[in-house]
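Below is one structure, written out as C-alpha cells; comments come after it.
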Amino acid sequence: MSNTIPFPQEELERRLSKVSGILDANNLDGIIISVPENIYYLTGLDHWGFFAAHVLIMSRDGEMGLACRAMEKITFDNQVENAKFYGHADHEELSDYVHQAMKDLGLVGGRIGIEKRSLFLTPRHAERIQDGLAGEWIDASGLIDKLRQIKSPLEMEYTRKAAKSADRGMIACIEKIRDGATDYEIAAEYMRVSTLEGSEPTGFGPFIRPTTRLGEEHTTWRGETFRNGDAVFLENAGSYRKYNAPMGRLVYVGSAPDGVEKSVEVAIRGMKAICGALKPGCKAGDAYRAWREVAASSGLHDYHRHHCGYMVGIGFPPSWTGGSMVTSLFPNSQQILEVGMVFHAHSWFTNTDLVDYFISNTVLITENGGEVLTASTPENLIIK
C-alpha cells in the first residue's frame, strides 16, 4: 500500500460490505452520503476540497459514484479506485450530476437514504436532489457514523500514532510556557513538534488561552501574553491519516493558587474513574456517573457538565468529533461500549468552588478496559 493511500482495498471492501448489509437491513436500495468523514471512510479521498459539497452515491450492491467539483478529478484519480467520478463545473448544479449517478446505478424510483444531519449538504442541494427524481427518501443520518464507531486494528494503529504526536507536541509547548511568553509562541511550538512527529492538520484546534478566557469552550490564541499567576489552557490534538487524538492540560505560570493540589487530585481521580468505567459491555452513562461520584465526594454536589468526553476518530475541519454527529459520555447515556471505540475523556473542574484544573486524554477501549493513549504528558500539577 502506498504511503499516501490510507486504506488497503481489502479494508475498504470490508467496509462496503458492512454498509451493504446495513442498507439491506433497512430496506434501502441506496444511500446519498455527504458527511466528509463517511466519504473518506468508504473511498479514502483525503483533501481540503470538502468545503464544497461532495455527494457519494452508493447502491445496495456496493457500486458507487462521487459527485463534486470537476477540478477535483486529478485528486480523485490519484486516490480513489472504487467509485466513478461525476464532476460538475462551478456554474452547474451538483444535483444534476447526483441524478445522473443515480440513473447509472439504477436507483431512480427506489427507496433511498440521505444524510439529513450532514453539515456539508446545504438545504438547497438536498431539496434539488430529492425534488428532481421520483422515489422514497429516508433519513439515513448516523447509519455509517455508527459503523465507524468501532475501529479496526489499522484504525487503532493510526489513532496511536496520532496520540503519540499529540503527546510530544504537548510536552514541547509546555516547555515554552513562561512569564512573558505569547500564545503565538506556544501555538507555534505545538504545531512544529507535533508535525515533525507525524501529525497532519487536525479537525480543529489547537486551543490555547489564558485565565481570562478559561471558561470559553472553543476559542484559541489571539496575541495574548502570559504572566505569572496565569493559568494556560491547552487542548490540542494529533492527527494521522485523519484519525484525531485530542488531549488537554492546564499549566500555571510562575505560581499556582492555594488549594490547587486538591483540584489536581480530584481531576486525576476523575480521569481514573472515567477510564475504569470505559469497559466493553458497559454503558456510556456509567462513565459519566463514575466521574460525577468523584466530583460529589469532593464536595461538588451540584457540579454538572454536559458530558465527560466524546467519541473521536476520523475528523475533517471543523471538527475532531468524527463528523456531523457527536456521541458523548453524557448523563444516563444508554450507548453500549465496545472494544475499538475511542473517546476524548475529560476530567474538567473549572468555575467551581475548587481551584481551576482539568486534564483530558484520548482513551481506547480494549478487552481490558480503557487505555490512555496520551499518557506521556504528566497529569499532575505543572508550574512553569
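The values are calculated or read from the model by the stated rules, or taken from the named source; none is laboratory data. Keep in mind the model is a prediction, meaning the values are calculated, not measured. Here the Cβ is made from the backbone with ideal geometry for all residues, glycine too, and neighbour counts use every protein chain on show.
Once segment 110-128 is narrowed to residues that are modelled with pLDDT under 95 and over 27 Å from the mean Cα position of the chain (by Cα), the residue that is surrounded by the fewest Cβ atoms within 10 Å (Cβ to Cβ) is Glu127.
Of the candidates Gly299, Gly322, the single residue that is more than 16 Å from Asn244 (Cα to Cα) and among the small types (Gly, Ala, Ser) is Gly299. For segment 239-262, enumerate the residues that are under 28 Å from the mean Cα position of the chain (by Cα) and not aromatic (Phe, Trp, Tyr). Selection gives Ser239, Arg241, Lys242, Asn244, Ala245, Pro246, Met247, Gly248, Arg249, Leu250, Val251.
Of all positions in segment 217-240, at least one carries a residue that is farther than 27 Å from Val35 by Cα, among the β-branched types (Val, Ile, Thr) and surrounded by fewer than 18 Cβ atoms within 10 Å (Cβ to Cβ).
So that you can scan it fast, the table gives a plain yes or no per residue for (1) touching a strand residue (DSSP E or B) at 6+ places or on another chain (Cβ under 9 Å); (2) farther than 24 Å from Leu133 by Cα; (3) not hydroxyl-bearing (Ser, Thr, Tyr):
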| residue | (1), (2), (3) |
| --- | --- |
| Leu16 | yes, yes, yes |
| Val55 | yes, no, yes |
| Phe76 | yes, yes, yes |
| Gln79 | no, yes, yes |
| Phe85 | yes, no, yes |
| Gly113 | yes, no, yes |
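Residue-wise test of (1) in contact with a Cys (Cβ under 9 Å, 6 or more places away or on another chain); (2) within 30 Å of Thr4 (Cβ to Cβ).
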residue	(1), (2)
Ile31	no, yes
Phe50	yes, yes
Ala53	yes, yes
Val80	no, yes
Gly87	yes, yes
Gln100	no, yes
Glu115	no, yes
Trp137	no, no
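Name the residues in segment 100-109 that are of a type outside the set (D, E, K, R) and surrounded by fewer than 18 Cβ atoms within 10 Å (Cβ to Cβ), would you? Answer for segment 100-109, where residues must be of a type outside the set (D, E, K, R) and surrounded by fewer than 18 Cβ atoms within 10 Å (Cβ to Cβ): Gln100, Gly106, Val108, Gly109. Which members of segment 340-351 meet the condition of being crowded, with 16+ Cβ neighbours inside 10 Å and either not small (Gly, Ala, Ser) or not assigned by TED's automatic domain parsing to the domain that holds Gly285 (or both)? Met341, Val342, Phe343, His344, His346, Trp348, Phe349, Thr350 - these are the residues of segment 340-351 that are crowded, with 16+ Cβ neighbours inside 10 Å and either not small (Gly, Ala, Ser) or not assigned by TED's automatic domain parsing to the domain that holds Gly285 (or both).
Within segment 41-99, if we keep just the residues that are outside any loop (DSSP other than H, G, I, E, B) and among the aromatic types (Phe, Trp, Tyr), the residue that is surrounded by the fewest Cβ atoms within 10 Å (Cβ to Cβ) turns out to be Phe51. Within segment 154-178, no residue that is outside any helix (DSSP H, G or I) and crowded, with 23+ Cβ neighbours inside 10 Å sits with its Cβ atom under 9 Å from a residue that is modelled with pLDDT under 95 and among the polar types (S, T, N, Q) at 6+ positions apart or across chains. Reported count of residues in segment 41-65, each being under 21 Å from the mean Cα position of the chain (by Cα) and under 24 Å from Arg124 (Cβ atoms), is 11.
Exactly one residue out of Glu338, Glu293 is touching a residue at least 60 places away in the same chain (Cβ under 8 Å) and either of a type in the set (D, E, K, R) or farther than 23 Å from Gly49 by Cα (or both): that is Glu338. Considering only residues in segment 289-303 that are of a type in the set (A, V, I, L, M) and under 9 Å from Gly270 (Cβ atoms), the one that is surrounded by the fewest Cβ atoms within 10 Å (Cβ to Cβ) turns out to be Ala290. The residue list Gly270, Gly322 contains one member that is in the same structural domain as Ile174 (by TED's automatic domain parsing), in contact (Cβ under 8 Å) with a residue 60 or more places away in the chain, part of a loop (DSSP other than H, G, I, E, B) and surrounded by 24 or more Cβ atoms within 10 Å (Cβ to Cβ), which is Gly322. Whether a residue is surrounded by 14 or more Cβ atoms within 10 Å (Cβ to Cβ), part of a loop (DSSP other than H, G, I, E, B) and under 20 Å from the mean Cα position of the chain (by Cα) was assessed, and Thr202 passes this test.
More than 28 Å from Asn244 (Cβ to Cβ) and of a type in the set (A, V, I, L, M) - does that describe any residue in segment 76-83? Within segment 76-83, not a single residue is more than 28 Å from Asn244 (Cβ to Cβ) and of a type in the set (A, V, I, L, M). Would you be able to tell me the number of residues in segment 211-237 that are assigned to a strand (DSSP E or B) and either aliphatic (A, V, I, L, M) or farther than 21 Å from Gly259 by Cβ (or both)? Qualifying residue count for the region: 7. Being of a type in the set (Phe, Trp, Tyr) and in contact with a Pro (Cβ under 7 Å, 6 or more places away or on another chain) is a description that applies to Phe226.
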